[in-house]
Every structure is written in structure tokens, then in C-alpha cells.
1. Looking at the stretch 195-212, which of the residues that are farther than 18 Å from residue 133 by Cα and surrounded by fewer than 15 Cβ atoms within 10 Å (Cβ to Cβ) is modelled with the highest pLDDT?
2. For the stretch 171-194, enumerate the residues that are part of a helix (DSSP H, G or I) and modelled with pLDDT under 95.
3. Out of (1) within 42 Å of the chain's Cα centre (by Cα); (2) modelled with pLDDT of 80 or more; (3) loosely packed, with under 11 Cβ neighbours inside 10 Å, the odd one out for residue 289 is which?
4. Just one of 269, 304, 284, 262 is without any contact (Cβ under 8 Å) to a residue 24 or more places away in the chain, farther than 30 Å from residue 138 by Cβ, touching a helix residue (DSSP H, G or I) at 6+ places or on another chain (Cβ under 8 Å) and surrounded by 15 or more Cβ atoms within 10 Å (Cβ to Cβ); which is it?
5. Report yes if residue 142 is crowded, with 22+ Cβ neighbours inside 10 Å and under 19 Å from the mean Cα position of the chain (by Cα), otherwise no.
6. Out of (1) part of a helix (DSSP H, G or I); (2) surrounded by fewer than 16 Cβ atoms within 10 Å (Cβ to Cβ); (3) in contact with a strand residue (DSSP E or B) (Cβ under 8 Å, 6 or more places away or on another chain), what's the single condition that is false for residue 35?
7. Would you confirm whether or not the stretch 136-146 contains a residue that is over 24 Å from residue 16 (Cα atoms) and modelled with pLDDT under 95?
């Protein structure tokens, strides 16, 4: 089971006792998974490939409205695809009652039904109702990448107004949600690990949060170790390259005039470098008969390099 599937499995098993919050969650599920037929034959139909979500919708409709939705199961013709679960409320009065109550449809000035556009704000005035609506939205159209691979959570919608309303709703909780157009869909997404963790905490995926945090901590530890190793490797490469240049300068001086012609402080350092090709400046500083600082050793090497360049030029 993917990480995204395990999050949804946890969410559909959450116990919710408040009727208004149940209605908010159902509203999101019906807005995003529902097919509504208006006119004389008003009918509500819900399609999903997730059996757990199908059970959740049936339970919510039964608990809120004491209505039993009809369930049918069909197998997809294409290989490797799951079954499709179709829920129907054919009774006109039952369908009208549900759809009006969750804000999917409204009655216009002519007395006829019309679809409601965007997030139904009248259903989610309370903070906990907003959270329940986000939970239903994630169940309907959400996915989250495994934290081992990437930090990415998205909600894929067909309606631009609904996507922007949803982005604004999420950002009430300061999660920095954004919207992007992908082919013919509008994707509301979160990219930062901390914001994804907060979103999952908000909608009630507590077990998933523990797994998410464990993976995130391990990733950060690995990244820190890699940064330290890379930094030490870079420093080592830098030390080796500097030592090679210093040795070459000393060999030039030895070839042209001999090291004995150098001042004592430079001569001692030159011999130490030839004898300790891999030593750092700090290590060489401690080897001198009169120990000096690292910057002092570096200053002497610059003098040796200057002498070598002058000899080669002459």
C-alpha cells in the first residue's frame, strides 16, 4: 500500500460524532466525486475506485439523513485497474434533500435548481467544519508522495474557482498552498515538508504523521552527514592541492639555487613540507622548532612561492 493510500485508509476509519462536521466532509466528497442530474429526474450518483471511501460515503449519508444509498460494483475492462464503485440515490426527494443540505445545488430566482460553484462557505463557517471539509477533499481528490521520495501533496480539481477557493481555505491555516494548471486540471499543492505535516495533522492522519516525521528526521540526518562529508572532502582536496603547489615551488627553488640559500625560517618549512606532503598548515605549524600560527605558515609559503616564480622568470 502506498503512503497516500495508507493516509486515506486511516482517514476513513476516523470516528466523527458531530453532525455538522459529518455534513462538511460529505459536502466535499459529493462536490468532487458526485455526478448530479438536474431536471425532472433529479438524481445523485457517486463514483470512486476506493472501496473504503465508498463505505465512508454510504455511512455518512445513512448517519446524517437515514437514507440508504444503492451500491453497485463493476470491474474495469482495462488490465490492472481496480473495481469501480457506484453509489446512487435515485429518489428525487432524497437526492434533493441531501444536495441542498450540503450545498451542491441551490434554488434560483425562477424556482429551479442550479449547481453551486466553489467551496460552500455556508457549510464550513466553524473551524472544525473547515477541517472536515479538507479531510473530505483529500479523500476525494488528494494524494501525498512518500516522504522517502519527495515532499509533495496535491488536490486535483477540474474547476478553477473551486481550486482557488480551496487554496484560500487551506491558507487560512497558514500552509502556503498554491495552484497550478496541469493539462486540463487545476492542482492545489503543498511542497514544504513542514506544511504537509501540518496539513496531515489538521485532517487527523496521526499515524501517518508519525511515519512522515520518522522518515523526515532520517532524511535530514542523512543530508547533514552528507554535507559534513562533502565539506570535509572539499577541505581535504583543497589541502592536497595546496600542498602539491607548495611542493612544486620548493622543488623549483631546490633546482635553481638549493634550499640552503633560503633564510632559516623558510628553509625549515621547505624541508618539513617535502618530508610531510600530506600535512595540513596547522600540523606543519606545530612541527616547527618555534611553533607559529597557521596564518604564519601560510605567509611563509607565499614567500616561497614568490621566490620560485621569480627564479623561473629570471
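1. Restricting to residues being farther than 18 Å from residue 133 by Cα and surrounded by fewer than 15 Cβ atoms within 10 Å (Cβ to Cβ), the top hit is 207.
2. Those that are part of a helix (DSSP H, G or I) and modelled with pLDDT under 95: 193, 194.
3. (1)
4. Residue meeting the stated conditions: 284.
5. In short, yes.
6. (1)
7. Taking every residue of the stretch 136-146 in turn, at least one turns out to be over 24 Å from residue 16 (Cα atoms) and modelled with pLDDT under 95.
The values are calculated or read from the model by the stated rules, or taken from the named source; none is laboratory data. Values in this document were obtained by computation on a predicted structure and should not be read as measured data. Don't worry about glycine lacking a Cβ; one is built from the backbone with ideal geometry, like all the others, and counts go over all protein chains shown.
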